[in-house]
1. Could you tell me which numbered condition B:ASN114 fails, if it satisfies all but one of (1) facing chain C (nearest Cβ under 9 Å); (2) crowded, with 18+ Cβ neighbours inside 10 Å?
2. Going residue by residue through the stretch B:63-73, is there one that turns out to be at the interface with another protein chain (Cβ under 7 Å from one of its Cβ atoms) and either closer than 23 Å to A:ALA122 by Cα or buried (at least 24 other Cβ atoms within 10 Å of the Cβ) (or both)?
3. Scan the stretch C:18-42 residue by residue and report those that are closer than 24 Å to C:GLY143 by Cβ, at the interface with another protein chain (Cβ under 7 Å from one of its Cβ atoms) and either buried (at least 22 other Cβ atoms within 10 Å of the Cβ) or of a type outside the set (Lys, Arg) (or both).
4. Among the residues in the stretch C:118-127, are any in a strand (DSSP E or B) and among the aromatic types (Phe, Trp, Tyr)?
5. Can you pull out every residue in the stretch C:16-44 that is in a helix (DSSP H, G or I) and touching a Leu at 6+ places or on another chain (Cβ under 6 Å)?
6. For the stretch A:79-106, enumerate the residues that are among the hydrophobic types (A, V, I, L, M, F, W, C), farther than 15 Å from A:ALA27 by Cβ and in a strand (DSSP E or B).
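FYI, it's all coordinate maths here, none of it is from the lab. Keep in mind the model is a prediction, meaning the values are calculated, not measured. Glycine also receives a Cβ, built like all others from the backbone with ideal geometry; neighbour counts cover every protein chain displayed.
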Amino acid sequence: MLPTPKKYFVTAASSEGRSELTAFDNALLKARIGNVNLIRVSSILPPGCQHDPELKLPEGSLVPTAYGYIISDKPGEIISACVGVGVNASDTFGVIMEFSGKCSKQVAEENIRNMVQEAFEARGMELKEVKIASVEHRVEKIGCALAAVPLWY
Amino acid sequence: MLPTPKKYFVTAASSEGRSELTAFDNALLKARIGNVNLIRVSSILPPGCQHDPELKLPEGSLVPTAYGYIISDKPGEIISACVGVGVNASDTFGVIMEFSGKCSKQVAEENIRNMVQEAFEARGMELKEVKIASVEHRVEKIGCALAAVPLWY
Amino acid sequence: MLPTPKKYFVTAASSEGRSELTAFDNALLKARIGNVNLIRVSSILPPGCQHDPELKLPEGSLVPTAYGYIISDKPGEIISACVGVGVNASDTFGVIMEFSGKCSKQVAEENIRNMVQEAFEARGMELKEVKIASVEHRVEKIGCALAAVPLWY
């Protein structure tokens, strides 16, 4: 089997770019995950997976990551992205939720808290805390707002 | 290289949720794949990969999975999702197809059978059987129909 | 951790299909990546990763791949896809960009060159060369244009 991740951090950033993909790339760079190969996952915090905000990811490595993002080319538009990691009160797995939209950071965070709460209710689990990372961006030309939970070893 | 999967099952489920992502999450839970990290793949049944409907996936593990889904927030709308695993008459690899749409389960299954047939024709391979999982859902508020083929070890 | 890829090639192809997913599948086959499980990545050329145009991928294997594609069902429409691998003048990692759109191959390639250039500028790195693969397709019924950079070991 593929090795189950043991560490994670939460991150969010926004950026402009000269194209949609480079706006995304620039946001990844500002979020400290621009020089790795993100593999998108859907999205459970493995049992025992530890929060490590100082994690350094080797360049070019394959990094399982839960993320949400939004790209807009409408000048003046407000875009936001948020991730939330629901940590379990018991010593077992948690749940990760991602959200992005044409809304404020506050609305994105509220959505995330509700989604994590619902995911814990659906599993009959008790929520200890929610680790949040979020960002709000006013589009200049082409902008991207991104939030991510990289999982690592 | 990454280890090639050796087992699989087919699954489908639908659910409502209070948001789009939690509708998806609830459908994953009902499909028995809600507590793992899905890595979406596109989508070959590896040679020798065995059907194991009793597979238990460790919580939080990285699970290569072919899947299709549809989310709708239009009350009363019918949505369906279907996967099909084309098993080869020869002892070699097969092909997995996914479909989702605003249609009945029957239409989704017909589409999948045609797609698997076409994929086998394109490869000059003979089809032994098609393993199908499908689901149909009438949206109440926010609903998700999902079908998946988790690959495992 | 997941093993970091050591080899890559660039490829592009287009095809018709009787459905959207089989058009995509047929394009993958013509691009020599139709019989593996693509895992989409976002998208760095790992340090020391070598170009190997003769790479053979084992059937059914999990292949980290950066790719872009477009599917259209409008007869006569021109669609194109392109990938570019920016190779670093220094002996370190590079950057991969993907593009697809309703445009000519030439426009797609120009976009890719600009995106790779911007990604190198953003990192303060010097570009040695850009390896390009691109394809242009005129849709008959349902067509797909696809370009990809499979990463391997």
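1. (2)
2. Scanning the stretch B:63-73 turns up at least one residue that is at the interface with another protein chain (Cβ under 7 Å from one of its Cβ atoms) and either closer than 23 Å to A:ALA122 by Cα or buried (at least 24 other Cβ atoms within 10 Å of the Cβ) (or both).
3. C:SER19, C:LEU21, C:THR22, C:ASP25, C:ASN26, C:LEU29, C:ASN35, C:VAL36, C:ASN37, C:LEU38
4. Scanning the stretch C:118-127, I find no residue that is in a strand (DSSP E or B) and among the aromatic types (Phe, Trp, Tyr), so the answer is no.
5. C:ALA27
6. Listed by number, the residues that qualify are A:VAL85, A:VAL87, A:VAL95, A:ILE96, A:MET97, A:PHE99.
Residue-by-condition table, conditions (1) touching a Leu at 6+ places or on another chain (Cβ under 6 Å); (2) among the polar types (S, T, N, Q):
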residue: C:VAL85; (1), (2): yes, no
residue: C:THR92; (1), (2): no, yes
residue: C:GLY101; (1), (2): no, no
residue: C:LYS128; (1), (2): no, no
residue: C:SER134; (1), (2): no, yes
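To keep it simple, each residue is scored yes or no on (1) surrounded by fewer than 21 Cβ atoms within 10 Å (Cβ to Cβ); (2) away from chain C (no Cβ under 14 Å); (3) on the phi < 0 side of the Ramachandran plot; (4) touching a strand residue (DSSP E or B) at 6+ places or on another chain (Cβ under 9 Å).
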position: B:VAL10; (1), (2), (3), (4): no, yes, yes, yes
position: B:LEU45; (1), (2), (3), (4): no, no, yes, yes
position: B:GLU54; (1), (2), (3), (4): yes, yes, yes, no
position: B:GLY84; (1), (2), (3), (4): no, no, yes, yes
